[in-house]
1. Give me the residue from the stretch 52-111 that is farther than 25 Å from residue 122 by Cβ and acidic (Asp, Glu) and, out of that set, least open to solvent (accessible area, probe 1.4 Å).
2. Can you tell me which residue is surrounded by the most Cβ atoms within 10 Å (Cβ to Cβ) among those in the stretch 117-142 that are under 14 Å from the mean Cα position of the chain (by Cα) and without any contact (Cβ under 8 Å) to a residue 40 or more places away in the chain?
3. Determine which member of the set 78, 96 is in contact with a strand residue (DSSP E or B) (Cβ under 7 Å, 6 or more places away or on another chain) and β-branched (Val, Ile, Thr).
4. Give the residues of the stretch 17-30 that are touching a helix residue (DSSP H, G or I) at 6+ places or on another chain (Cβ under 8 Å) and at negative phi, sorted by residue number.
5. Since residue 37 meets every condition but one in (1) touching a Leu at 6+ places or on another chain (Cβ under 9 Å); (2) over 13 Å from residue 104 (Cα atoms), which condition does it not meet?
Amino acid sequence: MKTRVKPDSWLINRPIAHRGLHNDIYGENSISAYRNAIDNGYPIEMDVQLTKDGEVVCFHDDNAKRVCGVDANIRDMTLKEVRALKICGTSDGIMTFNEFLKFVDGRVPVLVEIKQQHVKNSGIEAKTVMLLDGYKGEFAIQSFDPRIMRNIRLLRPQFLRGQLGGGVRKGDLPFVQYLAVRKLLLNFLSKPDFINYCIEEFPIKTKLPVMRWTINTEEKKARAMAAGHNIVFEKINP
């Protein structure tokens, strides 16, 4: 499997801030965390999913309780309801993906993760790529779900694609799905340009460029860098 990632690409040479450069002051996937990453020159990794009424918003968890203190799934909320939420007790709300792209405006590269949402709201791939069509900055798209990445490949074959993997234990998923996520057995569907794999494990062989998630200690950083892998980081100074 070949890659279109060039040797000087940001994807393999610049540490990437996980959900923006967040900390105890700036909440994850917030405008403040994104601004902090931009101010420090780091590419931004961030997440998108759909609201009940089909709007693409920037949020990681299926449920808003951990980050916003409200026990509700993003996929079951309208955009108006999502806009009422506040991130990590701050004044920052949840951005739409369109707002995010206008805010970043090409100042740093962007790594977009499309969330599965378990009970999938249909159409997120098409809506995401349509918003990216007019974007002038550097970006790549990734997902744990190879079916999502296959759809991205078919919709926009020119977009750089990454396959996420690892981070699951036996029993978390049906056995076949578990093997697919750990061993990346469905890469023939997504045909990724790079792999983004959990730092705690790496039970695959690949000639593709590799980045490792989530690097949150100096020890994990050292392991990733010793292997020549780029990092998606948080809570450390890379």
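1. 92
2. If we take residues in the stretch 117-142 being under 14 Å from the mean Cα position of the chain (by Cα) and without any contact (Cβ under 8 Å) to a residue 40 or more places away in the chain, then 141 is surrounded by the most Cβ atoms within 10 Å (Cβ to Cβ).
3. On the way: 78 fails: in contact with a strand residue (DSSP E or B) (Cβ under 7 Å, 6 or more places away or on another chain).
Only one candidate passes the filter, namely 96.
4. Matches in the stretch 17-30: 17, 21, 22, 23, 25, 26, 27, 28.
5. (2)
The values are calculated or read from the model by the stated rules, or taken from the named source; none is laboratory data. Just so you know, these numbers come straight off a predicted model, no measurement behind them. Reconstructed Cβ throughout: ideal geometry from the backbone, glycine too, with neighbour counts over all protein chains shown. In case anyone asks, the SASA skips ligands and DNA or RNA and just uses the protein heavy atoms, side chains included. Shrake-Rupley method; radii C 1.70, N 1.55, O 1.52, S 1.80 Å.
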